[in-house]
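Right, one structure below, let's go through it.
The values are calculated or read from the model by the stated rules, or taken from the named source; none is laboratory data. Since we're looking at a predicted model, the values are computed, not measured. Here Cβ is always computed from backbone atoms with ideal geometry, including for glycine, and neighbour counts include all displayed protein chains.
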Amino acid sequence: MKFGVLVFPGSNCDHDTYNVIAEIAHQPVTFLWHDSDDLQGVDAVLVPGGFAYGDYLRTGAIARFSPMMQAVKEFAEGGGLVLGICNGFQILTEAGLLPGALMRNAGLKYICKQVHLRVETANSPFTNQLSEGEVVQIPIGHMEGNYFCSPDDLERLEGEDRIAFRYATPEGQITPEANPNGSLANIAGILNAGRNVLGMMPHPDRSSEKLLGSADGLKIFASMIEVLAAR
């Protein structure tokens with residue numbers, strides 16, 4: 001198996017993500033430059049955090065038009081695994097790979113801190129190493145992480161078991177106080193209809209080693225590896 005990490009002008013978590021795959025998970029990985037449409041035969045695509053194209057216009061608005069994202073869209077439509085983290089989640093919504101949008105945080109301030117997430121489904125290539133209802137600790141670092149979608153989209157997400165994570169208390173309660181950015185229904189991560197695309201605002205790449213305060217994020221990458229190994 002082989003992972004690909006996208007690199008845009010302004011990406012700042014590309015090396016963090018690459019490091020998790022190469023040095024912690026010990027899997028082959030390559031960088032994928034935004035101006036190319038060559039996926040180099042990868043089996044999974046990781047869209048990292050940062051500020052693609054400087055977040056000009058709005059987050060992800062320019063990145064969606066890059067040659068690489070056009071290739072990623074075709075890859076996802078063919079069933080390929082795609083994980084978007086933070087700015088990557090924003091890009092995936094702009095590209096139409098996931099429903100909804102990421103707006104400015106409710107407090108209009110950048111937030112960088114550890115948060116707790118409740119796992120809402122274990123039925124995905126990204127969460128099969130987790131248990132439904134499990135609480136994990138994964139940090140956030142964003143200004144526009146306030147997830148919003150239409151009532152119809154929310155009904156579909158909930159009815160089709162496509163909400164992957166919600167912001168929660170350490171005990172797993174879904175409360176307004178546990179919601180750091182105002183996201184609708186405390187949503188922290190969602191899946192596409194095919195369940196092969198996940199977008200999440202928290203950073204599993206920053207929580208894959210205990211040295212960083214939590215290794216819970218590694219379970220997400222381990223889930224992907226498990227699925228790819230079985231293919």
Evaluate the following for Glu171: is it out of contact with any Pro (no Cβ under 9 Å at 6 or more places or on another chain) and in contact (Cβ under 8 Å) with a residue 24 or more places away in the chain? yes
Pro125 - would you say it is touching a Phe, Trp or Tyr at 6+ places or on another chain (Cβ under 9 Å) and in a loop (DSSP other than H, G, I, E, B)? no
Which numbered condition in (1) surrounded by 24 or more Cβ atoms within 10 Å (Cβ to Cβ); (2) over 30 Å from Pro28 (Cβ atoms) is the only one that Thr169 fails? (1)
For segment 128-162, which positions are among the charged types (D, E, K, R) and part of a loop (DSSP other than H, G, I, E, B)? Glu132, Glu134, Glu144, Glu160, Asp161, Arg162
Sort through Asp216, Asp205 and tell me the only one that's in contact with an Asp or Glu (Cβ under 7 Å, 6 or more places away or on another chain) and of a type outside the set (S, T, N, Q). Asp205
Please find, within segment 186-202, the residue that is nearest to Gly107 (Cα to Cα) out of those that are of a type in the set (Gly, Ala, Ser) and out of contact with any Asp or Glu (no Cβ under 8 Å at 6 or more places or on another chain). Ala188
Over segment 21-59, the set of residues out of contact with any strand residue (DSSP E or B) (no Cβ under 8 Å at 6 or more places or on another chain) and surrounded by 19 or more Cβ atoms within 10 Å (Cβ to Cβ) is Tyr53
Output the residues belonging to segment 136-148 that are over 16 Å from Ile220 (Cβ atoms) and crowded, with 20+ Cβ neighbours inside 10 Å. His142, Glu144, Gly145, Asn146, Tyr147
Residues in segment 51-92 that are aromatic (Phe, Trp, Tyr) and either touching a residue at least 40 places away in the same chain (Cβ under 8 Å) or touching a Pro at 6+ places or on another chain (Cβ under 6 Å) (or both): how many? 3
Search result, residues across segment 192-231 that are over 16 Å from Thr17 (Cα atoms) and either surrounded by fewer than 16 Cβ atoms within 10 Å (Cβ to Cβ) or modelled with pLDDT under 95 (or both): Ala193, Gly194, Gly213, Glu226, Ala229, Ala230, Arg231
Among residues of segment 173-216, those that are at negative phi and assigned to a loop (DSSP other than H, G, I, E, B), counted: 18
Provide a single number: the residues in segment 175-231 that are polar (S, T, N, Q), in contact with a strand residue (DSSP E or B) (Cβ under 6 Å, 6 or more places away or on another chain) and over 17 Å from Ala44 (Cα atoms). 6
